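Just below is one structure, and these are the notes that go with it.
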Amino acid sequence: MKICVLNLSGNVGKSTLAVHLLAAYSPGSRILSVESINASATQGMQDLEVEELGASRFKEILRELMQSDDVIVDVGASNVAAFMTEMKRFKSAVGEFDWVLVPTVPALKQQLDTIATIDWLHELGVEGHKVRVLLNQYASETQDPVEVIYSHVLGYAAADGRGKAIYEPHAVIDHNEVYELAKGTGQLMRDLAVNTTDWKAARADAKRAGDMVALERAMSSQITHDLAVTAHENLARVHGLLFAHQSANDVLQVPSGKRRA
């Protein structure tokens, strides 16, 4: 599939989702990181084919879309305005994408920018059924419903935004600190989740050896693993919702031998 992830606003998790939600479930897909200023979450990732291009090299991006079957275009905030300008110039580019994913977060500015992004895509001629809104960084512990947390975007969906994008059923990515913890590992969330290391045994070994550094590493790794399992299950559900199929990666094999959907 050819998928573009963008938003006029920064800090909505575009690159994180491009890696952990899209590339992780599409082995062999390439990521085109359209970014020239800010560090992308795609940098340093193991087992991912990533090419960094600025929007000024849009013809190369379009050529890649023409010849590739599986490509993820991650448009960074520093390049989104230029990318939009090029999309207007190269009108056939609109038809190359199977999906355009627009992540948003609870902050008011980002929600308003999300509405502006959907309006822009509509004016550009992107069909509404190809545009999918992702509700990212939802703090489920607040127990506030998504309709309240994302009230601006979902209010727009019921009025002026109707037919311009797909908003329901809600594709919700929960807030989870593991995404920050994972940045230094270079690993996909899926791979962190299926790690079978016996951290309890590692802690015991470290205690016997009096190695406090190893003990701290084992405790931190166990915490990261637990959070990664939770995040992976969430990502798998959302991926299945978005693309209406269940891949082999949508089922998590846990050390106990039980399988979690």
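The values are calculated or read from the model by the stated rules, or taken from the named source; none is laboratory data. Only a predicted model underlies this, so the values are computations on that prediction, with no experimental measurement involved. Note that we place each Cβ from the backbone using ideal geometry, even for glycine, and neighbour counts take in every protein chain shown. All accessible areas refer to the heavy atoms of the entire protein, side chains included, with ligands and DNA or RNA removed. Shrake-Rupley method; radii C 1.70, N 1.55, O 1.52, S 1.80 Å.
Points worth noting:
- Tabulated pairs, the range 238-250, first surrounded by 13 or more Cβ atoms within 10 Å (Cβ to Cβ), second assigned to a loop (DSSP other than H, G, I, E, B) and modelled with pLDDT under 95, C-beta under 6 angstrom, 6+ apart or interchain: G240/Q246
- Residue match in the range 199-213 (condition: part of a helix (DSSP H, G or I), small (G, A, S), open to solvent by 30 Å² or more (accessible area, probe 1.4 Å) and touching a strand residue (DSSP E or B) at 6+ places or on another chain (Cβ under 6 Å)): no
- Failed item in (1) modelled with pLDDT of 90 or more; (2) in contact with a Gly (Cβ under 9 Å, 6 or more places away or on another chain); (3) charged (D, E, K, R), with D98 passing the rest: (2)
- L227 farther than 28 Å from D98 by Cβ, at pLDDT 95 or above and of a type outside the set (S, T, Y): yes
- Test: A165 is under 19 Å from the mean Cα position of the chain (by Cα), of a type outside the set (K, R) and within 19 Å of A24 (Cβ to Cβ): no
- Filter pass, L135 being of a type in the set (A, V, I, L, M, F, W, C) and touching a strand residue (DSSP E or B) at 6+ places or on another chain (Cβ under 8 Å): yes
- Selection from the range 19-34 of residues that are open to solvent by 10 Å² or more (accessible area, probe 1.4 Å) and outside any loop (DSSP other than H, G, I, E, B): H20, Y25, R30
- Among the candidates L121, L154, L135, residue that is touching an Asp or Glu at 6+ places or on another chain (Cβ under 8 Å) and touching a residue at least 12 places away in the same chain (Cβ under 8 Å): L154
- Restricting the range 94-109 to residues that are open to solvent by less than 20 Å² (accessible area, probe 1.4 Å) and under 16 Å from the mean Cα position of the chain (by Cα), the residue that is farthest from L6 (Cα to Cα) is V105.
- Filter result for T185 (at pLDDT below 95, in contact with a Pro (Cβ under 6 Å, 6 or more places away or on another chain) and farther than 30 Å from D113 by Cα): no
- So F58, is it open to solvent by less than 10 Å² (accessible area, probe 1.4 Å) and either of a type in the set (D, E) or in contact with a Lys or Arg (Cβ under 7 Å, 6 or more places away or on another chain) (or both): no
- Residues being open to solvent by 30 Å² or more (accessible area, probe 1.4 Å) and either part of a loop (DSSP other than H, G, I, E, B) or in contact with a Ser or Thr (Cβ under 7 Å, 6 or more places away or on another chain) (or both) - total across the range 3-18: 2
- Considering residues of the range 35-54 that are in a strand (DSSP E or B) and farther than 16 Å from K183 by Cα only, the residue modelled with the lowest pLDDT: E49
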